[in-house]
Amino acid sequence: MEKKEKLYEGKAKIIYATDNPEQVIAYYKDDATAFDAIKKATIKGKGELNNTIASFFFKLLNEKGIPTHFIKQLSNREMLIQKVEIIPVEVVVRNIAAGSIVRRLGIPEKTKFEPPLVEFYLKNDELHDPILCEQHIYAMNLATPEEVATMKELALKVNEILKEFMEKQGIILVDFKLEFGRKDGKVILADEISPDTCRFWDAKTGESLDKDRFRFDLGDLIEGYKKILEKIEKQEG
């Protein structure tokens, strides 16, 4: 397998072509951004941690029957993934109120959602990723009703798997963002699952172990991400 030209560069990753047209390489960068990239930094080691954590979660989900784009981890910063057509709809699952939903709707922070709350957002940086209802998705031809139903079903299954797993590690899965792609006519999980895209709280202390440490200056980001990795590697061992 040969790494070839750069296909795409986002805020956190670079996608490279390979000699297999059906596979690409995702390279995880050290860049950190928040608040529509108003706040930016380069944090040494962040890409390696996110790649390793995301690889672990993708392997776990694959084993549990969730279809994902993940093939294997290639190095500290790279993973081999299936090339997909990304659906421009971000799916957010919330178990506990935190972040934007508190500011947007005035729901008290730490309110538990039972059942979990599922939201859709337009994947568009220029428009600041606005929230969508399902009718918006259909009117804009972003996804079909069948695809939306699949994304929601898979997102809730991912929530069940990760929530149960992280509880055993003493970590609360507060909420997370997922992206999906089309591959051979099917919808599969894509992008990444890491402390960049999830909120994790220490069950005992309530300490934030995710990108909120960078957003709100809650502590050293690498320290928080390392705690997540140590927890899951201990379980893996």
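As a rough guide to protection, the peptides 106-117, 195-206, 131-142 ranked by mean Cβ packing within 10 Å, highest first, stand as 195-206, 131-142, 106-117. Note on segment 109-170 and segment 1-75: Cα centroid distance 20 Å, given to the nearest whole angstrom.
Kyte-Doolittle mean at least 0.0 and Cα extent at least 30 Å along the axis: which DSSP H helices of the chain qualify?
Qualifying helices, which must be both long enough and hydrophobic enough, do not occur.
With the convex hull constructed from alpha-carbon coordinates only, segment 63-126 shows a mean projected area of 7.1 nm² over all directions.
Legend: Rg and Dmax of segment 3-82, from Cα coordinates, 13.3, 38 Å. Inter-label distance, Ile107 to Glu164: 2.4 nm, where each label sits 7 Å from its Cα along the C-beta direction. Normalised by 2.2 N^0.38 Å, where N counts its residues, the alpha-carbon radius of gyration of the chain equals 0.97.
Cross-linked pairs Lys4/Lys168; Lys186/Lys234; Lys6/Lys163; Lys46/Lys123; Lys186/Lys227: Cα-Cα separations exceed 31 Å for Lys4/Lys168; Lys186/Lys234; Lys6/Lys163; Lys186/Lys227. Around the amide H of Asp175, modelled in the peptide plane, lie the amide H atoms of Asn95, Arg199, all under 5 Å away and 5 or more residues distant in sequence or on another chain. Only DSSP H runs of four or more residues enter the estimate; each adds -39500 (n - 2.57), and after division by the residues of the chain the mean residue ellipticity at 222 nm equals -10000 deg cm²/dmol. Remark: segment 166-213 is approximated by an ellipsoid whose semi-axes, taken from the C-alpha gyration tensor as √(5λ), come to 28, 11, 6 Å, largest first. In the distance distribution for segment 129-229, Cα-Cα pairs more than 20 Å apart total 48 percent.
Laboratory data are not the source of any read-out in this text; all were calculated from the coordinates shown. Everything quoted here is computed from the prediction, not taken from an experiment. Cβ atoms come from the backbone with ideal geometry, glycine included; neighbour counts cover every protein chain shown.
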